[in-house]
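Please read the structure below before turning to the comments.
Please treat every number below as a calculation from the coordinates, not as lab data. These figures come from a predicted structure and were not determined experimentally. Positions of Cβ are generated from backbone atoms using ideal geometry, with glycine treated the same way; all protein chains shown enter the neighbour counts.
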Amino acid sequence: MVHGDEQGLVLPPRIAPTQVVLIPVGPWKKNPAIMEKLDEVFAQLKAKGIRVRLDDSDQSPGYKFNEWELKGVPVRVELGPRDLENNQALMKARDEGEKVAVDLANLVASIEQELQTMQTRLLEKARAFRAEHSHTHIDDLEGLKKHITDSTEKEEIPGWILAGWCGDDACEDNVKEETKFTTRNIPFNPPAEKSTCINCGNEAKHTVWFARAY
Ligand SMILES: [Zn+2]
């Protein structure tokens, strides 16, 4: 959910059901060497435990690119006659705009490397996003409502709110009813300790992250 874009899903490599898709391009059916090479790469990736698909369906390359991007497959590899002549393939990470040319000799290693790099890249992006949308200054329901109104006006998400909670279910329920915010987790080391419950103002037993579920 955090990583999607206009083209659809962006799945972190570790959780992606398919991590790599191999797609023959150009007049590949007239050039058996292309599928031979892709079969070889497929087998090598599979042997390394990488979840790989080879799309040799009759759809156009453009259709396949869109389809696999929509599904969030992390890495796409294209191989056509001209690439083969140049001893290279084109590789594209789902979250990056540009394709890169990779030597066929290093293709499997490059794919492995890209899966790792992308995993870290997405995690860092998600952390930065969360930090940017975390708020620790809200102490009561009125403050939270104002924050929601302000965020909406700025067309920003209201994000995550660190707030105190007395532990009473009725307070949690009321926060949810009034703001649609629910408790997400109780951090071990919160960035701030909250002394009063966001709903009733009594002593807080916990300092909790609240957010809206989407
Ligand atoms: Zn309370």
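Summary of values
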item	result
Ratio Rg/Rh, restricted to the range 4-130 and using Cα atoms, in which Rh is the Kirkwood radius	0.96
Residues of type aspartates and glutamates that LYS146 reaches as a straight line, Cα spacing below 17 Å, ignoring anything fewer than 8 places off in the same chain	GLU155, GLU156, GLU177, GLU178
Per-bin percent of Cα-Cα distances, the range 134-212 [10 Å]	21, 58, 20, 1
Cut-off 10 Å between beta-carbons: net charge of the residues surrounding ILE138, Lys and Arg +1, Asp and Glu -1	0
Per residue Cα convex hull volume in Å³ - calculated over the chain	144
Listed pairs LYS64/LYS180; LYS37/LYS99; LYS29/LYS125 exceeding 29 Å between Cα atoms	LYS64/LYS180; LYS29/LYS125
Bridge type composition, the chain - antiparallel percent by DSSP, nearest 5	65
Choice from ALA16, ALA163, ALA47 with maximal GNM fluctuation in the chain (Cα, 10 Å cutoff)	ALA47
